[in-house]
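Read the structure below first, then the notes.
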Amino acid sequence: MLLSMPARPARPNVVISSSQDAMRVPRKKITALVAFVAEQEGAAISDVDLAVVSRSEMAALNRRWAGRTGPTDVVSFDLSDARTRGISAQLVVCGDIAAEQGRARGCGVQRELMRYVVHGLLHLMGYDDGPIRAAAKMHAREDELLAEFLAKRSRRRRPRRTQSTRRRRRK
């Protein structure tokens with residue numbers, strides 16, 4: 001009897017555009033982050049269209065789609081339909097807000113941008129940040145996923161110490 005392994009979900013197709021100049025967008029890192037979140041949450045994500053926009057662009061989107069004045073950090077749209085295998089999403093994040101908040105929190109602008117990406121994905125996976133308890137749960141999961149992702153990437157990039165590098169360091 002042959003046992004078949006479950007098929008590994010396909011990596012999401014991630015397309016990233018940027019129309020802002022507040023920060024550099026780490027495209028490879030964000031693409032890997034989307035795949036990581038999908039894997040950790042057990043969700044199938046087929047594709048993500050991520051737009052990093054300016055404060056004025058985000059304010060216009062927020063007014064149009066949420067009826068609120070001023071910019072917000074992230075807006076997510078579920079574009080999935082019956083033909084889509086998994087979540088098909090559009091995320092719009094504000095580069096200006098990520099830059100401001102990242103500096104204010106002391107965590108860095110790219111990390112703050114990645115937090116918004118995780119937040120938008122979690123919304124599409126059913127998380128809600130309206131009620132206080134639900135918001136606390138969502139933000140805790142957001143922090144956990146981002147920390148795990150960054151820790152995994154730093155372990156992978158850390159060079160191995162060989163015998164010759166140990167000798168050089170002692171001198």
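The values are calculated or read from the model by the stated rules, or taken from the named source; none is laboratory data. All values reported here derive from a predicted model rather than from experimental measurement. Virtual Cβ from ideal backbone geometry, glycine too; neighbours counted across all protein chains shown. The accessibility values were calculated without ligands, DNA or RNA, using every heavy atom of the protein model including side chains. Shrake-Rupley method; radii C 1.70, N 1.55, O 1.52, S 1.80 Å.
Couple of notes before you dig in:
- Based on C-alpha pairs under 8 angstrom that are at least 6 apart in sequence, the chain has a relative contact order of 19 percent.
- Averaged over its residues, the chain has an accessible area of 64 Å² per residue, based on protein heavy atoms and a 1.4 Å probe.
- Across the stretch 122-136, computed HN-Hα scalar couplings (Karplus, 6.51 cos²θ - 1.76 cosθ + 1.60, θ = phi - 60°) run 4, 4, 5, 9, x, 6, 10, 10, x, x, 4, 5, 5, 5, 4 Hz from first to last residue, x flagging Gly and Pro.
- Share of carbon and sulfur in the accessible heavy-atom surface of the chain [1.4 Å probe, %]: 50
- The modelled label-to-label distance for the pair residue 11/residue 150, using points 7 Å beyond Cα in the direction of Cβ, is 2.3 nm.
- The stretch 1-92 - percent relative contact order, Cα under 8 Å, separation 6 or more: 29
- Among [x] 33, 20, 18; [y] 30, 24, 15; [z] 34, 18, 14, the entry derived from the coordinates for semi-axes √(5λ) of the Cα gyration tensor in Å: [y]
- With a simple spin-label model that places each label point 7 Å from the Cα along the Cα-to-Cβ direction, the separation between residue 19 and residue 136 comes to 3.9 nm.
- Residue 105 sits among other residues whose Cβ lies under 11 Å from its own Cβ, and their net charge, with Lys and Arg +1 and Asp and Glu -1, is +1.
- Gain upon complete extension [residue 64, residue 77; 0.36 nm per residue less C-alpha separation]: 3.4 nm
- Between the stretch 39-59 and the stretch 83-106, the C-alpha centres lie 6 angstrom from each other.
- Cα gyration tensor category, rounded, prolate or oblate, for the stretch 22-75 with a/c compared to 1.5: oblate
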